[in-house]
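The values are calculated or read from the model by the stated rules, or taken from the named source; none is laboratory data. This is a predicted model, so every value here is computed, not measured. Cβ sites come from the backbone with ideal geometry, for glycine too, and all protein chains shown count toward neighbours. For accessibility, only protein heavy atoms count, side chains too; no ligands or nucleic acids. Shrake-Rupley method; radii C 1.70, N 1.55, O 1.52, S 1.80 Å.
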Amino acid sequence: MCVRRCVITVGDLGEFGAVSRISGRLPQGATVLLGPGDDAAMVRAPDGRVVVSTDLLLEGRHFRRDWSSGYDVGRKAAAQNLADVAAMGAVPTSIVVGLGMPADLPVEWLDALADGFRDECAVVGASVVGGDIARGDLVVIGVTALGDLGGRAPVTRSGARPGQVVAVAGRLGYAAAGLALLESGWPPSHPPEPSREVLWEAVAAHRRPCPPYSSGPEAAELGASAMLDVSDGLLQDLGHIAAASGVRVELDPAAFVVGEPVAAAAERLGADPLDWVLSGGEDHALAAVFPAGVALPSPWRIVGHVVAGQGVHVRGREIGHAGWDHFA
């Protein structure tokens, strides 16, 4: 009999108990023909083509359990993969999850992780249709996302041409500002104070990104010729479009909006907020190239244009750190 509150762990459940517990928290949507429980899932592919993306999150590299809850990590892991699907101009339909975790991981953390996956998928009408679990020393999460193009052509990185405009949708610099605050020792465990709530908004962005999912298919309908998810920093990611398309991207620093949380964090830490806007990753905004003259609805905003040449250039600014590199 426990005198103190007992902590039930994943090891107490065992492999199949953990799988059953996770599956019980995951409702299945209309695109799912066969969900968790068999050797593989089956989902509808109305378009006849399937967009597929996969990504990894490693504890200590992409998240810390003392900074982020299981729910935060679930939302973040799902979001970064769903955003990749949207960046192709597709609508996400489902994800499968590979999960490595230590035996002493509290079941409450696992429940929260599953709920995070469920709720982020619900934003776009997708489902968690299956996956696998294994024992490991740290939490390791692999997510594969599937999507449907709805008859549209995929929007790749190689379609940019001179004379077109570059636009972004979604937040930039927020997650980088939040990470910088946490790394500086700014206490995430204290209750928000009115004067600090704006800083907490930046920390929240690091924990749970808010990709503009619907803007991906919208961009495809508007004639976007190139697009990607800004995961590693705008400069670095636009560099992929420039390289794949054989063009040069020219950005106007005055066209960028520096959010209040980013500005407040920069003031507190003595940083340049535009550095985070241009080079900070993990907000999962979308960047796309459109024909000149296209009327772009909110939240799209034009930040530059495409010219002949190569690379990415920011008017009047030297480019130092361009973004995230996993092996740097």
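Each Lys and Arg Cβ is given +1 and each Asp and Glu Cβ -1; about its Cα centre, segment 213-315 then shows a dipole of about 300 debye.
Projected onto their three principal axes, the Cα atoms of segment 248-311 cover extents of 40, 28, 21 Å, largest first.
Each of Val43, Val307, Ala114 was scored by the projection of its Cα onto the charge dipole of the chain, and the greatest displacement toward the positive side belongs to Val307; charges sit on the C-beta of Lys, Arg, Asp and Glu. Projecting the Cα atoms of Ala264, His240, Val73 onto the dipole axis of the chain, where Lys and Arg carry +1 and Asp and Glu carry -1 at the beta carbon, places His240 farthest toward the positive end.
The dipole here belongs to the chain: it is taken about the Cα centre, uses +1 on the Cβ of Lys and Arg and -1 on the Cβ of Asp and Glu, and is about 360 debye.
Under the criterion of Cα pairs below 8 Å and six or more residues apart, the relative contact order for the chain equals 22 percent.
DSSP assigns beta bridges within segment 32-163; of those with both partners inside it, close to 65 percent run antiparallel. Considering only beta bridges that DSSP places wholly inside segment 87-171, some 55 percent are antiparallel. Beta bridges assigned by DSSP with both partners in the chain are antiparallel in approximately 75 percent of cases.
Say a paramagnetic label sat at a point 7 Å from the Cα of Val294, along Cα to Cβ; which residues of segment 223-258 have their backbone N under 15 Å from it? Counting backbone N atoms under 15 Å from the label point, the list is 223-229. A Stokes-Einstein calculation at 4 °C with viscosity 1.567 mPa s, built on the Kirkwood radius of segment 150-230 over Cα pairs, returns a diffusion coefficient of 85 µm²/s.
In sequence order, segment 297-304 has phi-based couplings of x, 5, x, 5, 9, 6, 10, x Hz under the Karplus curve 6.51 cos²θ - 1.76 cosθ + 1.60, θ = phi - 60°, and Gly or Pro positions carry x. Its residues counted as N, segment 31-77 yields a C-alpha radius of gyration over 2.2 N^0.38 Å of 1.62.
With the simple model of a label 7 Å out from the Cα in the direction of the Cβ, Ala40 to Asp272 spans 5.1 nm. If R0 equals 30 Å, the separation of the Cβ atoms of Ala244 and Leu138 corresponds to a calculated FRET efficiency of about 0.30. Is segment 125-283 best put as rounded, prolate or oblate by its Cα gyration tensor, with a ≥ b ≥ c the root eigenvalues, rounded for a/c under 1.5, and otherwise prolate when a/b is larger than b/c, oblate when not? Oblate. In sequence order, segment 78-89 has phi-based couplings of 5, 4, 5, 8, 4, 5, 4, 5, 4, 5, 8, x Hz under the Karplus curve 6.51 cos²θ - 1.76 cosθ + 1.60, θ = phi - 60°, and Gly or Pro positions carry x.
Protection proxy ranking of 174-180, 243-249, by the mean of other Cβ atoms within 10 Å over each peptide's residues and highest first, is 174-180, 243-249.
Across every direction, the projection of the convex hull enclosing the Cα atoms of segment 112-168 has a mean area of 7.2 nm².
Here is the size of segment 20-136 from its Cα atoms: Rg then Dmax, 14.0, 43 Å. Computed over protein heavy atoms with a 1.4 Å probe, the accessible surface of the chain works out to 45 Å² per residue.
Computed from the C-beta positions of Asp12 and Thr54 and an R0 of 25 Å, the FRET efficiency is 0.25 to the nearest 0.05. Considering only Pro273, Pro261, Pro297, the Gaussian network model of the chain with Cα springs below 10 Å gives its largest mean-square fluctuation to Pro297. Placing +1 on the Cβ of every Lys and Arg and -1 on the Cβ of every Asp and Glu, with nothing else charged, gives segment 74-205 a dipole about its Cα centre of roughly 700 debye. To put it simply, the accessible area of the chain at a 1.4 Å probe is 54 percent carbon and sulfur. Its relative contact order, with pairs defined as Cα atoms under 8 Å and 6+ residues apart, puts segment 149-288 at 46 percent. Each peptide in 299-311, 86-98 receives the mean, over its residues, of other Cβ atoms within 10 Å, and ordering these scores from highest gives 86-98, 299-311. How large is Rg over Rh for segment 199-326, taking Rg from the Cα atoms and Rh as the Kirkwood inverse mean of 1/r across Cα pairs? Radius of gyration over Kirkwood radius for segment 199-326 works out to 0.95. Modelled spin-label separation between Arg61 and Val257, with each label point placed 7 Å from Cα along the Cα-to-Cβ direction: 3.4 nm.
The mean of 1/r over all distinct Cα pairs in the chain, once inverted, gives the Kirkwood hydrodynamic radius of 20.7 Å.
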